[in-house]
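Please read the structure below before turning to the comments.
The values are calculated or read from the model by the stated rules, or taken from the named source; none is laboratory data. Small disclaimer: the values here were computed from a predicted structure and weren't measured. With ideal geometry, Cβ positions are generated from the backbone for all residues, glycine too; neighbour counts draw on all protein chains shown. What goes into the accessible areas is simple: the full protein's heavy atoms, side chains included, and nothing from ligands, DNA or RNA. Shrake-Rupley method; radii C 1.70, N 1.55, O 1.52, S 1.80 Å.
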Protein chains: 2
Amino acid sequence: MRVLPIPPEIQRLLPMTPAVFYTMLAISPGALHGYAIMQQSATLSSGAFKMGPATLYSTIQRLVDLGLVKETPGDVGEDARRRYYELTTMGRQVLESEVARMNEVVKLATARLVQRTSAS
Amino acid sequence: MRVLPIPPEIQRLLPMTPAVFYTMLAISPGALHGYAIMQQSATLSSGAFKMGPATLYSTIQRLVDLGLVKETPGDVGEDARRRYYELTTMGRQVLESEVARMNEVVKLATARLVQRTSAS
DNA sequence: TACAGATATATCAGTAACGGATTGAGTCGT
DNA sequence: ACGACTCAATCCGTTACTGATATATCTGTA
């Protein structure tokens, strides 16, 4: 399987902020419209992360500009207001690389949190 | 082992931004001074995350104000400029809860990234 | 003891990201 | 045809981040 190199302007947004990460994670199995992305983000984080509409739409716009997300037509006969977004191939790779980084960090942090010294 | 509940004003900063997370992770095994925190953050992220001094010191100040980090005296006879910071008990709990969240998300995301649909 | 270079803290000014509130329009049940 | 909900979108203020820069101190070395 071929993996394109991630260009530097994309590298700059790694590690991802929570808004970027949950937005991309929400649409990773398939296209979703904005409102659904908001709801999915809350669900995926067990309610810990609630994105407002301003954050959502500005984040989507940024990701589209960067070529990580693209708009796609929804099914015919559906709510005409809905605008669907999905990951591009590069978007998927970037998300995968972010998940890999998080996986490393979690292992590292788990080990680190054992060797405690002092605190108050 | 007793675990204090995390107050709502702290919950608001979860999920953590990269700057907050790496700062806290850097000092999790024991107190470090600012400059060392900067270097550790870069090391812990394999060079992916490089914090400038402005981000570092404003982040530290915020964490001190929130009671997650406190300044502690360094060893005598050391470089007098150095100011050391360590996690408070609450800070450690918050970091632990963030790591737990990340662990969940990684599992969830790994599963999600398998069930791919389409992309370009 | 003077100098160079690395270490270390700190702030400034600007930008990027975020968040709450709100608007407005379309959908659906009754 | 009314009200409740869904959905996209933007306004405006705040928070967080960044690069550049300033200032001082420490360490080695010649």
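In summary, B:Gln11 fulfils each of the numbered conditions (1) under 12 Å from the mean Cα position of the chain (by Cα); (2) open to solvent by 40 Å² or more (accessible area, probe 1.4 Å); (3) at the interface with chain A (Cβ under 8 Å from one of its Cβ atoms) with the single exception of condition (1). Considering only residues in the range B:27-66 that are farther than 24 Å from A:Ala100 by Cα and aromatic (Phe, Trp, Tyr), the one that is farthest from DNA strand D (Cβ to nearest atom) turns out to be B:Tyr35.
Checking B:Gly30, B:Gly34 one by one, the residue that is touching a residue at least 12 places away in the same chain (Cβ under 8 Å), small (Gly, Ala, Ser) and within 9 Å of DNA strand C (Cβ to nearest atom) is B:Gly34 and no other. Among the residues making up the range A:67-80, those that are away from chain B (no Cβ under 14 Å) and either more than 10 Å from DNA strand D (Cβ to nearest atom) or under 21 Å from A:Glu98 (Cβ atoms) (or both) are A:Val76, A:Gly77.
Residues that are more than 8 Å from DNA strand C (Cβ to nearest atom) and away from chain B (no Cβ under 14 Å) within the range A:42-58 comprise A:Leu56, A:Tyr57, listed in sequence order.
Here the range A:59-88 is the region considered, the condition is being under 28 Å from A:Gln11 (Cβ atoms) and open to solvent by 60 Å² or more (accessible area, probe 1.4 Å), and the residue that is farthest from DNA strand C (Cβ to nearest atom) is A:Glu71. In the set (1) within 13 Å of chain B (Cβ to nearest Cβ); (2) open to solvent by less than 20 Å² (accessible area, probe 1.4 Å); (3) within 24 Å of B:Glu98 (Cβ to Cβ), the condition left unmet by A:Thr17 is number (2).
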